[in-house]
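The values are calculated or read from the model by the stated rules, or taken from the named source; none is laboratory data. Quick caveat, the model's predicted, so the values are computed rather than measured. All Cβ positions, even for glycine, are placed from backbone atoms using ideal geometry, and neighbour counts span all protein chains on display. Calculation scope for accessible area: heavy atoms of the full protein, side chains included, ligands and nucleic acids excluded. Shrake-Rupley method; radii C 1.70, N 1.55, O 1.52, S 1.80 Å.
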Amino acid sequence: MVNLNKIFPHLSIRNKLLIAFGGLSILPMAVIGVYGILSNIQTMKNAALEELTENVQAIREKTSNFFEVISSDMQLMRNSTSLGKWIRSGAALSSSHDANIQQLGKELLALAETKNIYYQLRLIDRTGDEQLRIECVNPNDSAKVYRIVPARELRQSSEAYYFLLVKNQRFKKISFAPAELIDKKNERVSVMSFAMPLAGKQGLAGILIADVFEKEFIRVIESKRQFDLSRKVMLATAEGFFLYHSEKKKDWNRLLASREEDNLHRDYPPQIVDSILSGNEGTFTKGANDIISYAPLFSRTAVSENEAVAPAFSAPIFVIESVPESVIMRRVRYFAFIFIGFLVLFLVSALALGVVATRQFTRPIGQLEAGAEVIAHGSYAHRIHVETRDEIGKLADQFNVMAVALESHEKEIQRHQTTLEGIVRRRTHELVEEKTKLQALLDNVPSAFILLDKDFRIQTVSAAFEGLTGFGLSEVKEKDCGVLFHNGKACAECLCRKAVEKGTIESCIEEVVGKNQSMRFLERIAIPMRENGKITSVLQIITDVTKRKRFEQELVHAEKLTAAGEMSSIIAHEFRNSLTSIKMILQLLRESKRAGATEKKSLDVALDSIRHMDEIVIELLDFARPKSIQTSTVKLNDVVNDGLAFVKAHVKENRIAMSKKLDAALGAQKLDSSQIKEAVINILLNAIQSMNGSAKQKHSGKISVVTKKIKLAETLRELVFSSEFEEPAGHQPEIVLEKGTACALVEVSDTGSGIDKDQLHRIFDPFYTTKNNGTGLGLPMVKRTVNAHGGVMTVNSTKGKGATFRIYLPLRYDS
């Protein structure tokens, strides 16, 4: 028995009864009507299949005859005496037309004028050059005019497409495909191209091509039949690609270009496509939205019975005609509409009678429902009054008993709610006090505390956060933690992500640039926070350790300089005394009359070595006891020119190209011209020594010297090069040139060997050198001089591409 409560659980009793009345009235009629519709559908499909099959056979016969005409024409051309002579002569590759080609042109011209269906008849040799072309001059006119194309207009090496078309094909077999050609007016001409490979002594001698007008091909397919616009006629290859499609006649050029996207495999299911391409005749009424009839263009039976009638074409072709199933269903839908009208009439009548019958007991149910809604909104004092003595009346009495019980329970719940609210208020006050104390504790710690969620987005920060990072909570809330140091991008090696991946506390110290362009050292500690054994957030602690790092760097720097200065002083003192004695003895021997020419030459070499060692001792003494700065008002350009003049001989000797560009806007300023000149010379000598000349080279390298007046685009910082041997007044451990400071720039660039990246940070250390005869004091003394003038020195270099030294001197003019 049917249970309406399970079928329609959300419908009212009245609606369920109306459904029952309506179903009893229309079910018999519905069964009869559906049977009639199904029978009508089958009859219509059978009629459509018969008509489609007749059409396919007609198209098959006409198209096959058309292809046979083309095949006969091409065989006739192939058997031409003139063509045979051309092939036997070796299919000459020259563009000139011999007597055989001229005679063949006349024969093909006569054939084209007789048939009147060809756009072009062509002969190409095995290299792709056209040897002959018969062409229609007026393809759009009904009366066709043909011509033999002169030799100068024949195309050369541009027919690769046809070699692909006949590839792996037996001789005398014909391949074909739709195509579009361009005429002399640059207009497109749609054709069906037929290509036959010609056999010669050495294999392929050439290709015979016949381009048939596309409209002639379509005319054959569509002639003498009542063409229904709702039907589709198609010719397809064994691969399922379309050669003809009645719905795509205007898109002829796309049949091959879009064959990978537009083919039988896309239009129909695999089962139907396999049946169509099997080579058998058949029909389909299921599996697609169309009713389909299909057959091979050339009958397999005919081929097997008589090989002579088999077409000379290399690939099988299939004819398909289909009509949308919706077209067949039009009459069925008309009958269905009439049937539905009667069903609606019967249904309305049944429902009207049902409404009258069900109203007698749905009204008391409505009263019961309204009373229940009032009680559901909390009015437990409401009572339901239903004046019936049936089951509905008993239900109303029980509902009133339930309302009394609910009213009693509501009063008890209200009493408990008041007690709980008091407890919650007390606990909330206690939690707020604890949170305030904890926040005050965090805000007074100098380190910044940052809480990140599991996606590494910032949730909250302590008061010290803005002072350390320069960002407020409003700027970084809900952003990735990378905004702290990486301009809003995720860190390359995020400390927080590493802590989460390893499940351990991670720490590091980073050198960062603040909003005011100042360099600072920040220690970051990432602590993964766990809840129930799972990491749900990350606590990051940031502490400014700049003072500590600066102190460490200054301490290490001072210790290096102190040791270097002490060692230099001791070595210079001991060496100088010994060198003086040796020098005096060698000079006495040199001046002795008993010394021969060979001995004097050897003594001269020894004295030169002594002088070189004396120069090194002087450098050591200058480094150990540096001269004090004696400033005067001079022009920086003059000092640079003096330095250039000093190294001029070295530049010429080493065949180095020297260029300079000195800014005339640089006026006089307060400098120690002697020490600045020595600094410039030191840099220039280093540049010269980095380039090894060759006698065969016109220039072994290039040095460029530039001076200019600039304003700093960014803040520059550098530790002062000083030691216990030099303690100038107001000595500071670091020189800071703020952004926008007016400076004189001295830039020396060379194209020498450059400096390794791992050596750049050591080139200013005393005694560090990569030269065989260097002392490692040149660049440290240059840096000392620049620092003593309140300036900063930088270097950029790539190994093998030279180096660029820049000296920034703050402009101080004599008032």
ask   = If Lys and Arg each add +1 and Asp and Glu each add -1, what is the summed charge of the other residues whose beta carbon sits under 9 Å from the beta carbon of Phe456?
value = 0
inquiry  = Using the basic label-point model (7 angstrom from Cα toward the beta carbon), what is the Lys670 to Lys201 distance in nanometres?
reply    = 10.3 nm
inquiry  = If packing is taken as the average number of other Cβ atoms within 10 Å across a peptide's residues, how do 69-75, 736-742, 522-528, 409-415 rank, most packed first?
reply    = 522-528, 69-75, 736-742, 409-415
ask   = Tally Lys and Arg at +1 and Asp and Glu at -1 over the other residues with C-beta under 9 Å from the C-beta of Glu506: what net charge comes out?
value = +3
query = Roughly how many Å is it from the Cα centre of segment 98-171 to that of segment 420-470, as a whole number?
reply = 90 Å
ask   = Mean separation of Cα pairs under 8 Å and 6+ residues apart, divided by the residue count of segment 69-158: what relative contact order is that in percent?
value = 23 percent
query = By how many nm would the segment from Ile535 to His416 grow when fully extended, if each residue of separation counts as 0.36 nm and the alpha-carbon distance is taken off?
reply = 39.0 nm
note = Expected sort for 147-158, 196-207, 792-803 on mean C-beta neighbours within 10 Å, highest first, is 196-207, 792-803, 147-158
task = Taking the Cβ of Arg524 as the centre, find all other residues whose Cβ is under 10 Å away and add up their charges (Lys, Arg: +1; Asp, Glu: -1).
result = -3
note = Cα-Cα longer than 19 Å, checked against Lys62/Lys286; Lys454/Lys502; Lys677/Lys708; Lys477/Lys534, kept in input order, equals Lys62/Lys286; Lys477/Lys534
task = Along Cα→Cβ, 7 Å out, is where each label goes; now give me the distance between the ones at Ala381 and Thr580 in nm to one decimal.
result = 12.4 nm
request  = Please sort 453-464, 670-681, 104-115, 135-146 by packing, taking for each peptide the average over its residues of neighbouring beta carbons within 10 angstrom, highest first.
outcome  = 670-681, 104-115, 453-464, 135-146
query = Per residue, how much accessible area does segment 113-160 have with a 1.4 Å probe, in Å²?
reply = 44 Å²
